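The values are calculated or read from the model by the stated rules, or taken from the named source; none is laboratory data. Everything quoted here is computed from the prediction, not taken from an experiment. Note that each Cβ is placed from the backbone with ideal geometry, even for glycine, and that neighbours are counted across all protein chains shown.
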Amino acid sequence: MRAFCAWCQREGGPSFLGEREPFEDDSETHGVCRRHLQYILAALPSQSFPDVTYLVVVRRGEDALHEYLERAFLGVRGVKVIMDRRERERRSSAGGTAADRRQHERRQPRGISYALGYTTVRFGRDGRADALSSVAG
């Protein structure tokens, strides 16, 4: 079975996603490519921060930047500034697991990282998400 991205097909671009089981079946099925999946995920509201449209995540150890951005966005509706709590990737520990079957990172990259020490993530609906929903319908 051949899989195609429905959104890419609608846009007129390359849409082939690959072969899927059952391989002997020559029919077509549809899915979503990685690029359009990111648009769909960006359109979803945050479950952790339901009233937040823009989340600013400051790199660990950048306390002065965190304080500055908190003051700068104080009182701005829909914006939240937080400090990144992660010390390292969970699976990068020295011991590791011998039988780890994970082939690649499953976490979807989300947000825009800046060299200044922070990442911004937009939650909720935007123009791109509205355009995608009109294509899907």
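Residue-by-condition table, conditions (1) loosely packed, with under 15 Cβ neighbours inside 10 Å; (2) of a type in the set (S, T, N, Q); (3) assigned to a strand (DSSP E or B):
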| position | (1), (2), (3) |
| --- | --- |
| F4 | no, no, yes |
| E21 | yes, no, no |
| D25 | yes, no, no |
| L37 | yes, no, no |
| A42 | no, no, no |
| Q47 | yes, yes, no |
| V57 | no, no, yes |
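Being within 19 Å of the chain's Cα centre (by Cα), more than 30 Å from G13 (Cα to Cα) and at pLDDT below 80 narrows it down to one of R85, R90, R101, so name that one.
Details: R85 fails: at pLDDT below 80; R101 fails: within 19 Å of the chain's Cα centre (by Cα).
Step by step, each of R85, R90, R101 is checked, and only R90 is within 19 Å of the chain's Cα centre (by Cα), more than 30 Å from G13 (Cα to Cα) and at pLDDT below 80.
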Residue list for segment 60-76, restricted to those being under 19 Å from S113 (Cβ atoms), in a loop (DSSP other than H, G, I, E, B) and out of contact with any Asp or Glu (no Cβ under 6 Å at 6 or more places or on another chain): G61, E62, F73
